[in-house]
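To start, the structure under review is shown below, and the notes come after it.
The values are calculated or read from the model by the stated rules, or taken from the named source; none is laboratory data. Owing to the predicted nature of the structure, the values given are computational and were not obtained by experimental measurement. Positions of Cβ are backbone-derived with ideal geometry, glycine not excepted, and every protein chain shown enters the neighbour counts. Side chains are part of the model used for accessible areas, which takes the heavy atoms of the whole protein and leaves out ligands, DNA and RNA. Shrake-Rupley method; radii C 1.70, N 1.55, O 1.52, S 1.80 Å.
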Amino acid sequence: MTNIAVIHYSATGNVHGLAQGIVQGAEDAGAEVRLRRVAELAPEEAIEQNERWAAHHEWATGPDGVDEVSLDDLEWAHGIALGSPTRFGGPAAQLKQFLDTTGGLWAQGKLADKVVTAFTSASTTHGGLESTILAIQNVAYHWGAIVLPLGYTDPHLMTTGIPYGATWVAKSGSAPDDDALRAARLQGARLARIAGAVAGAQ
């Protein structure tokens, strides 16, 4: 069985929607998947100023929400998908804070040869989608992981995707549409397939 960890930060729920697409794609490809969120760092007064942020935070941290990630999830996984909204062309501090705690696993070589892919969402078309994915993947280089792009690996992606990873431009607060979710499912399936092949060869 191939183990896939989908680890993300989502403020208003858009990145979470893409994460669910990746989960579905990986599960459809036969993988066992853990969907995890990183801890929220923003103060309550900031969260409460945005209705969608407050609603998603309340759900995600509630009894029917998403479990918070641990380092064990990284060690368990053969393949890892990392997601974050863009923040000035880079990942949100919430995801970065968690990634900054992985030094112990890295020092023990426990993150080497894992397959890592990334995904993101922004509120504007040129709001840093590609640079955010590239910045997230910088961590994978240091881990010694295998960086996995989405690529133009399916006809659907020739017109609706980008080769870096699944993305969504959330204009006027819109949730990921069918095209974006299909790209995410393709990314999840590709991650499960390649991570399984790498794990099987070790």
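Summary value for region 127-178: 27 percent relative contact order, contacts being C-alpha pairs under 8 angstrom separated by 6+ residues.
I'd like to compare 150-159, 7-16: which one has the highest average count of other Cβ atoms within 10 Å, and what's the full order after that?
Peptide ranking by packing, descending: 7-16, 150-159.
Once the piece of chain linking Lys110 and Ser131 is laid out straight, how much longer is it, given 0.36 nm per residue of separation minus the C-alpha distance between them?
4.9 nm
Fully extending the segment from Met158 to Asp64 would add 30.2 nm, taking 0.36 nm per residue of separation and subtracting the current Cα-Cα distance.
On a per residue basis, the chain carries 46 Å² of accessible surface, using protein heavy atoms and a 1.4 Å probe. Taken one residue at a time, the phi angles of region 76-92 give Karplus couplings (6.51, -1.76, 1.60, θ = phi - 60°) of 5, 7, 8, x, 10, 10, 10, x, 7, x, 6, 9, 6, x, x, x, 5 Hz. Gly and Pro are set to x. Shape call for region 104-202 from the C-alpha gyration tensor, a ≥ b ≥ c root eigenvalues: rounded (a/c under 1.5), prolate (a/b greater than b/c) or oblate? Judged from the Cα gyration tensor, region 104-202 comes out oblate (a/c at least 1.5, b/c at or above a/b).
Remark: region 150-157, residue by residue, has Karplus-estimated 3J(HN,Hα) of 6, x, 8, 9, 8, x, 4, 7 Hz, where x stands for each Gly or Pro and the curve is 6.51 cos²θ - 1.76 cosθ + 1.60 at θ = phi - 60°. Below 8 Å between Cα atoms, with a sequence gap of 6+, how large is the relative contact order for the chain in percent? Taking the mean separation of contacting Cα pairs over the length of the chain, I get 29 percent. Rounded, prolate or oblate, given the Cα gyration tensor of the chain, with a/c below 1.5 counting as rounded? Verdict is oblate for the chain.
Relative protection proxy for 75-83, 32-40, from highest mean packing down: 75-83, 32-40 (other beta-carbon atoms within 10 angstrom). Shown in residue order for region 53-59 are the 3J(HN,Hα) couplings computed by the Karplus curve 6.51 cos²θ - 1.76 cosθ + 1.60 at θ = phi - 60°: 5, 4, 5, 5, 4, 4, 5 Hz (x for Gly and Pro). The length gained by stretching the chain between Ala46 and Leu71 to full extension, at 0.36 nm per residue less their Cα-Cα distance, is 6.2 nm.
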